[in-house]
1. Any residue at all in segment 1-18 that is under 14 Å from the mean Cα position of the chain (by Cα), away from the ligand (no atom under 12 Å from the Cβ), on the phi < 0 side of the Ramachandran plot and buried (at least 20 other Cβ atoms within 10 Å of the Cβ)?
2. Restricting to segment 75-92, give me the number of residues that are under 25 Å from A116 (Cβ atoms) and either open to solvent by less than 10 Å² (accessible area, probe 1.4 Å) or in contact with a strand residue (DSSP E or B) (Cβ under 8 Å, 6 or more places away or on another chain) (or both).
3. Residues A122, A72, A62: which one is open to solvent by less than 30 Å² (accessible area, probe 1.4 Å), of a type in the set (G, A, S) and more than 25 Å from A18 (Cβ to Cβ)?
4. Just checking, how many residues over segment 119-170 are away from the ligand (no atom under 14 Å from the Cβ) and in a strand (DSSP E or B)?
5. Within segment 48-55, can one find any residue that is in contact (Cβ under 8 Å) with a residue 24 or more places away in the chain, assigned to a helix (DSSP H, G or I) and more than 23 Å from V156 (Cβ to Cβ)?
6. Anything in segment 96-111 that is part of a loop (DSSP other than H, G, I, E, B) and open to solvent by less than 60 Å² (accessible area, probe 1.4 Å)? List them, or say none.
7. Does V40 qualify as being under 16 Å from F174 (Cβ atoms), open to solvent by less than 30 Å² (accessible area, probe 1.4 Å) and within 12 Å of the ligand (Cβ to nearest atom)?
8. Here's a check for you: in segment 162-177, which residue that is open to solvent by 70 Å² or more (accessible area, probe 1.4 Å) and either among the charged types (D, E, K, R) or over 21 Å from V126 (Cα atoms) (or both) is modelled with the highest pLDDT?
Amino acid sequence: MSFAGLPVTPPPGAFLQASAEGEAALVAAVLANIGEPKRVADLFAGLGTFAVPLARKAAVHAVEGDAAALAALNKAAGALRLTTERRDLFENPLTAKELARFDAVVFDPPRAGAAAQTQALAGSKVPRVVAVSCNPATFARDARTLVDGGYVLSRVYPVDQFLWSAHVEVVGVFSRP
Ligand SMILES: C[S@@+](CC[C@H](N)C(=O)[O-])C[C@H]1O[C@@H](n2cnc3c(N)ncnc32)[C@H](O)[C@@H]1O
């Protein structure tokens with residue numbers, strides 16, 4: 001695989017976005033809405049689909065639960081401004097204090113969503129959050145948490161990337177007024 005021109009060798013069973021076109025649309029939506037951050041956290045980062053293109057414009061901290069995916073990303077990262085952390089973000093989300101060093105956060109959880117992480121984000125001061133989700137139901141639940149925590153949801157992109165299926169991917173853009 002290649003992310004923003006960086007070759008990354010996926011380990012067996014690693015997560016990849018469903019189609020090249022869908023991935024391109026998601027990356028474009030994230031980059032168009034992330035602003036001009038100096039430091040970004042990419043949560044549920046996988047092999048670096050978003051972390052690598054983001055690392056071309058900011059310092060990125062990629063957090064992911066799968067050790068093999070992170071090892072592949074680390075091996076490929078070279079001179080990119082990229083740090084990684086293996087962490088279970090359901091059990092042990094980044095706290096508001098840990099989030100304070102980031103100007104922006106991207107998160108892209110599995111279908112279950114990111115309930116614990118959005119609770120922590122809701123209590124943080126991170127100015128910009130871009131959420132990517134393959135499950136509009138858990139996206140809506142997590143968006144409610146962010147909005148109740150003071151974020152404004154300014155834009156939602158539906159991305160029809162699951163061919164021959166009624167499933168839809170979404171990208172949501174949240175900021176603090
Ligand atoms: C939808 S994929 C997104 C991966 C990456 N952002 C991408 O676009 O390729 C969700 C990712 O969350 C990771 N994950 C699942 N449960 C997790 C957990 N409890 N804590 C941290 N990461 C988890 C998976 O290993 C997977 O890489």
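1. Checked against the condition, which is being under 14 Å from the mean Cα position of the chain (by Cα), away from the ligand (no atom under 12 Å from the Cβ), on the phi < 0 side of the Ramachandran plot and buried (at least 20 other Cβ atoms within 10 Å of the Cβ), segment 1-18 yields no hits at all.
2. 7
3. Within the list A122, A72, A62, the selection yields A122.
4. 9
5. Yes, segment 48-55 contains a residue that is in contact (Cβ under 8 Å) with a residue 24 or more places away in the chain, assigned to a helix (DSSP H, G or I) and more than 23 Å from V156 (Cβ to Cβ).
6. F102, D103, D108, P109 - these are the residues of segment 96-111 that are part of a loop (DSSP other than H, G, I, E, B) and open to solvent by less than 60 Å² (accessible area, probe 1.4 Å).
7. Judged against the criteria, V40 is not a match.
8. Only one residue tops the list, namely H167.
The values are calculated or read from the model by the stated rules, or taken from the named source; none is laboratory data. Given the structure is predicted, the values throughout are model-derived calculations rather than measurements. Ideal geometry is used to build each Cβ from the backbone, glycine not excepted, and the neighbour counts take in all protein chains shown. Remember, those area values only see protein heavy atoms, side chains included, never the ligands or the DNA or RNA. Shrake-Rupley method; radii C 1.70, N 1.55, O 1.52, S 1.80 Å.
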